[in-house]
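The values are calculated or read from the model by the stated rules, or taken from the named source; none is laboratory data. Note that the coordinates shown come from a computational prediction; the quantities given were computed from them, not determined experimentally. We place every Cβ from the backbone using ideal geometry, glycine too, and count neighbours over all the protein chains shown. Areas reflect the complete protein model, heavy atoms only, side chains present, ligands, DNA and RNA absent. Shrake-Rupley method; radii C 1.70, N 1.55, O 1.52, S 1.80 Å.
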Amino acid sequence: MCKEVAILAYLRGEIPKFYLKHLYKKEFKNWKYYLGTRYGNLIRLSKVLHKPENVSIISNKLLFAFHLERHGLETPKMVAYNLGSRFFYKEKCHEIGTKADLLKFFENTFDDRKVDALFVRPYSLYGGDGIFKLRATDFADTLDAHFEHFMKGGFIITECIVQHPQVAKIHNSSVNSIRFLTYIDDIKEVHIVSAFMRFGTGSRIIDNACAGGFFIGIDMPSGRLKEKGYRLAIYSGKEVFEHPDSKFKLEGFEIPYFKEACDLVKKAVQHIPDRLIGWDVAISTNGPVIIEANEGPGLHISDMAYDGLLRNEHIQEMMRNVLSES
């Protein structure tokens with residue numbers, strides 16, 4: 001372990017604290033090929049990879065939703081949104097001053113839309129922070145708890161995704177999404193360099209690993225789950241071979257509409273041509289749906305799911321560009 005830490009410190013130019021989270025384990029044979037913290041920060045801040053005009057769309061969920069809908073890309077249908085006390089629904093602006101006003105707004109919205117639930121997400125938070133669901137049968141208490149959040153911030157309100165029944169067999173409390181990592185190479189070709197799937201646990205409505213879920217790599221040619229998944233160190237760091245709630249065995253599960261999901265994110269890159277994007281895609285009953293995108297995706301998870309991203313030729317090219325600009 002001391003030898004490996006010394007080698008990584010030399011190769012990465014940093015104290016490799018990331019090694020102590022997982023790479024010290026014997027099963028991680030390709031520890032030299034992990035990006036680490038320094039490389040991850042260089043990628044996130046790279047002007048070669050990220051352009052302000054692209055980042056402005058990706059980082060704001062409201063603008064992102066408008067952009068995808070305008071170009072006919074599959075994404076959860078936006079119902080309403082707010083800017084503080086001003087709520088926008090069907091091209092009308094509603095001024096909300098009290099909890100009673102907010103309750104009435106959503107009563108009318110549910111009556112008009114005839115849906116069982118609505119999904120609410122803040123414009124700019126990541127990792128599932130601030131997300132909640134409003135159910136038609138009992139939304140009053142939820143609104144009471146989130147009234148101040150609405151009044152001080154901005155949220156996008158969408159219809160809920162109806163998850164594909166095969167995915168729901170594994171876990172149905174959350175919509176379990178695929179994180180695709182796309183890269184535009186030096187000759188402007190689009191590549192999917194990695195993909196992993198995330199699953200929620202317990203009664204949580206989000207699947208993020210930082211919220212207690214887990215992730216598992218996907219074999220790209222076949223669209224099937226790999227042998228085992230992982231939980232983050234703060235949630236035990238244990239390997240996962242079956243879902244802890246449903247006991248569904250993960251290895252070999254064939255993801256429905258996987259090819260269509262790959263095609264969708266490649267198509268989406270044409271409309272937001274940032275060179276490195278993390279796409280979150282759900283599999284609905286009718287096919288893939290883009291939930292959101294990330295200009296600074298958590299590459300440490302992709303690293304683990306693929307046992308070292310630096311083994312990928314496209315990531316090697318990307319790092320040559322990033323290191324040359326630094």
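In the stretch 174-209, how many are surrounded by fewer than 16 Cβ atoms within 10 Å (Cβ to Cβ) and either of a type in the set (S, T, N, Q) or closer than 30 Å to His314 by Cβ (or both)?
Total satisfying the criteria: 6.
Looking at Lys133, is it charged (D, E, K, R), in a strand (DSSP E or B) and either over 28 Å from Asn208 (Cα atoms) or touching a Cys at 6+ places or on another chain (Cβ under 9 Å) (or both)?
yes
Suppose we keep only residues that are closer than 15 Å to Ile301 by Cα and out of contact with any strand residue (DSSP E or B) (no Cβ under 7 Å at 6 or more places or on another chain) within the stretch 210-235. Which one would you say is surrounded by the most Cβ atoms within 10 Å (Cβ to Cβ)?
Leu232
Which residue is most open to solvent (accessible area, probe 1.4 Å), if the candidates are limited to the stretch 236-266 and must be charged (D, E, K, R) and touching a strand residue (DSSP E or B) at 6+ places or on another chain (Cβ under 6 Å)?
It comes out as Lys249.
For the stretch 151-181, which residues satisfy the criterion of being of a type outside the set (Gly, Ala, Ser), touching a Gly at 6+ places or on another chain (Cβ under 8 Å) and over 19 Å from Ala211 (Cβ atoms)?
Hits for the stretch 151-181 are Met151, Lys152, Phe180, Leu181.
Only residues that are aliphatic (A, V, I, L, M) and either more than 18 Å from the chain's Cα centre (by Cα) or closer than 23 Å to Arg275 by Cβ (or both): list them for the stretch 57-77, please.
Ile57, Ile58, Leu63, Ala65, Leu68, Leu73
Might you check whether a residue that is closer than 19 Å to Ile291 by Cβ, open to solvent by 40 Å² or more (accessible area, probe 1.4 Å) and polar (S, T, N, Q) occurs anywhere in the stretch 120-141?
Scanning the stretch 120-141, I find at least one residue that is closer than 19 Å to Ile291 by Cβ, open to solvent by 40 Å² or more (accessible area, probe 1.4 Å) and polar (S, T, N, Q), so the answer is yes.
Quick check on my filter: what residues within the stretch 221-268 are in a helix (DSSP H, G or I) and closer than 15 Å to Tyr306 by Cα?
Of everything in the stretch 221-268, nothing turns out to be in a helix (DSSP H, G or I) and closer than 15 Å to Tyr306 by Cα.
Does Phe87 satisfy being touching a His at 6+ places or on another chain (Cβ under 6 Å) and not charged (D, E, K, R)?
In short, yes.
Please specify each residue of the stretch 213-247 satisfying the condition of being free of Cβ contacts under 8 Å to residues at least 60 places away in the same chain and within 14 Å of the chain's Cα centre (by Cα).
Gly213, Phe214
Among the residues of the stretch 269-326, count how many are part of a helix (DSSP H, G or I), at pLDDT below 95, open to solvent by less than 20 Å² (accessible area, probe 1.4 Å) and in contact with a strand residue (DSSP E or B) (Cβ under 6 Å, 6 or more places away or on another chain).
Summing the residues that are part of a helix (DSSP H, G or I), at pLDDT below 95, open to solvent by less than 20 Å² (accessible area, probe 1.4 Å) and in contact with a strand residue (DSSP E or B) (Cβ under 6 Å, 6 or more places away or on another chain) in the stretch 269-326 gives 3.
Tell me whether the stretch 143-163 contains one or more residues that are at negative phi, crowded, with 17+ Cβ neighbours inside 10 Å and assigned to a loop (DSSP other than H, G, I, E, B).
So far as the stretch 143-163 goes, yes, one or more of its residues are at negative phi, crowded, with 17+ Cβ neighbours inside 10 Å and assigned to a loop (DSSP other than H, G, I, E, B).
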